[in-house]
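The values are calculated or read from the model by the stated rules, or taken from the named source; none is laboratory data. Since we're looking at a predicted model, the values are computed, not measured. Because the Cβ atoms are built from the backbone with ideal geometry, glycine has one as well, and the counts that use them run over all protein chains shown. Side chains included, ligands, DNA and RNA excluded: accessible areas come from the protein's heavy atoms. Shrake-Rupley method; radii C 1.70, N 1.55, O 1.52, S 1.80 Å.
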Amino acid sequence: MTYLTWSSDLDTGIVEIDNQHKQIMDFINRLHDARQNADRANIIAVVDDLVEYTLSHFAFEECLIEDAGYEFVRGHKKVHELFVRRVNGFVERLGKGEDISHELHSLLHRWLFSHIRHDDAAYVAAVRPKIKALTETQAPSGWLSRSLKRFFGG
């Protein structure tokens, strides 16, 4: 399996979300490298970082679409919850010494693109006008700055 590369069909038009998706893609590519090098310690570290970042991304995205008034936010959260459960199963297996790196990489590869193109694309048109108002203000007191600090510690 090759490296994931960003393409314009993955753009949501929401800069912060796109940047977070690109970061998740980078983690998946780092997992690929760790697998290629058969570096178990690095695989574990990358998976830990990937899971932590993805959970922050999900929380940020859910807050954004909820604050923007997306009517299907519950369904979107459910998709995230199911994915987290599935990944947690891989993390448990990894902790027991099982080599899940290929299987996990394959799942992440397929899931990320599918999720962006379908689940995330479904909310973009409905909430983009409202999101624009939330994310435009870069001031420290603005929604975007407060939310980035809250979910990413930045």
Summed over the other residues with a beta carbon less than 11 angstrom from that of residue 94, with K and R at +1 and D and E at -1, the charge totals -2
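Cβ under 12 Å from residue 23's Cβ, residue 23 left aside: what net charge do those residues give with Lys, Arg +1 and Asp, Glu -1? Before the final figure, lay out each step's value.
Numbers: positive: 22, 30; negative: 16, 18, 26, 49, 52.
So the environment of residue 23 carries a net charge of -3.
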The local net charge around residue 73, scoring Lys/Arg +1 and Asp/Glu -1 for residues other than residue 73 whose Cβ lies under 11 Å from its Cβ, equals -2
Of the DSSP H helices in the chain, the ones reaching 18 Å or more along their long axis in Cα terms and averaging at least 0.0 in Kyte-Doolittle hydropathy are 40-67, 121-136
Of the accessible area of the chain, computed with a 1.4 Å probe and all protein chains kept, carbon and sulfur make up a percent value of 51 percent
Counting lysine pairs in the chain that sit 8 or more positions apart or on different chains, with Cα atoms under 29 Å apart, gives 15
Largest-first ranking of 81, 92, 61 by accessible area, probe 1.4 Å, whole protein assembly kept, is 92, 81, 61
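Given a 1.4 Å probe, how much area per residue of the range 1-86 is accessible, in Å²? Please list the in-between numbers first.
Details: 4420 Å² over 86 residues.
With all protein chains present, the range 1-86 gives 51 Å² per residue.
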For residue 6, the accessible surface traced by a 1.4 Å probe with all protein chains present amounts, in square angstrom to the nearest 10, to 70 Å²
CD proxy, 222 nm, the chain: helix-only mean residue ellipticity via -39,500 (n - 2.57) per DSSP H run with n ≥ 4, per residue, nearest 500, stands at -25000 deg cm²/dmol
Taking alpha-carbon centroids only, the range 1-39 lies from the range 57-78 a number of Å equal to 22 Å
